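Accompanying notes for the structure given below.
The values are calculated or read from the model by the stated rules, or taken from the named source; none is laboratory data. None of the values given here were measured: they were computed from a predicted structure. Glycine also receives a Cβ, built like all others from the backbone with ideal geometry; neighbour counts cover every protein chain displayed. Surface areas here come from the heavy atoms of the whole protein model, side chains and all, with no ligands, DNA or RNA. Shrake-Rupley method; radii C 1.70, N 1.55, O 1.52, S 1.80 Å.
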Amino acid sequence: RQRDDVAFVRTGGDPDGVANEEYFGVVDAERNPKDAFNALSGIFAINTSAGSDIPYADYNSNTILTFAEVTSSGQTEVTESAAGPNPPSGFHLQGNYYDITTTAVFLGQVQVCVGYDDTGLTEQQEMALRLFHFENGSWVDVSQLPNNILNNVVCGNVTSFSPFVILKPNQTPVAHAG
């Protein structure tokens, strides 16, 4: 779940079964996603441990993952690159490619959140950004909307890893009064 007043949120449950929320991150007043990611240092382990709602952060690529369920611990890594498969027709890159790998064994979905630089983007263009995942030889839109434009983060849910990319439509949709 996303909130505009904190960088990232994960939910969990108390041992007595009462739901609670644990907030990871801080208000990002300067709209700089690096501030939020740097503030998280020390919270996340480098290895991905077994358990439920397991977070992993890669500070260099401004990427945070939250695994629904990890059954066997492992090493998770995000490799950022300027090279990757061509974007689908109608879109162009907003940043780099992110190749995510893990040796951890996991079940269910993983929320993938990637920070972006909003320099030169209008609010409407930020709302139009999409997170794509390269699956079976083609790009698939996995975006979890709306985008968190306060903290410059686009998220999506997946069940496997391979390259990810933030894409911007060639033409931003225009809202019409009706």
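A few remarks follow.
- Answer from ASN151, ASN96 - the residue that is within 16 Å of SER61 (Cβ to Cβ), polar (S, T, N, Q) and assigned to a loop (DSSP other than H, G, I, E, B): ASN151
- Within the span defined as the range 159-173, one or more residues are in a strand (DSSP E or B) and over 19 Å from GLU80 (Cα atoms).
- Within the range 147-166, considering residues that are in contact with an Asp or Glu (Cβ under 8 Å, 6 or more places away or on another chain) and of a type in the set (S, T, N, Q), the one most open to solvent (accessible area, probe 1.4 Å): SER160
- Within the range 50-83, being small (Gly, Ala, Ser) and under 14 Å from ASN96 (Cα atoms) holds for SER61, SER81, ALA82, ALA83.
- Selection count where residues are more than 18 Å from ASN62 (Cα to Cα) and either without any contact (Cβ under 8 Å) to a residue 12 or more places away in the chain or not hydroxyl-bearing (Ser, Thr, Tyr) (or both), scope the range 99-141: 20
- Residue under evaluation THR79, criteria (1) in a strand (DSSP E or B); (2) buried (at least 17 other Cβ atoms within 10 Å of the Cβ), criterion not met: (2)
- GLY74 vs. criteria farther than 23 Å from GLN171 by Cβ, more than 16 Å from the chain's Cα centre (by Cα), at pLDDT below 90 and not β-branched (Val, Ile, Thr): yes
- Matching residues, the range 82-106, being among the hydrophobic types (A, V, I, L, M, F, W, C) and either open to solvent by less than 60 Å² (accessible area, probe 1.4 Å) or farther than 14 Å from ILE54 by Cβ (or both): ALA82, ALA83, PHE91, LEU93, ILE100, ALA104, PHE106
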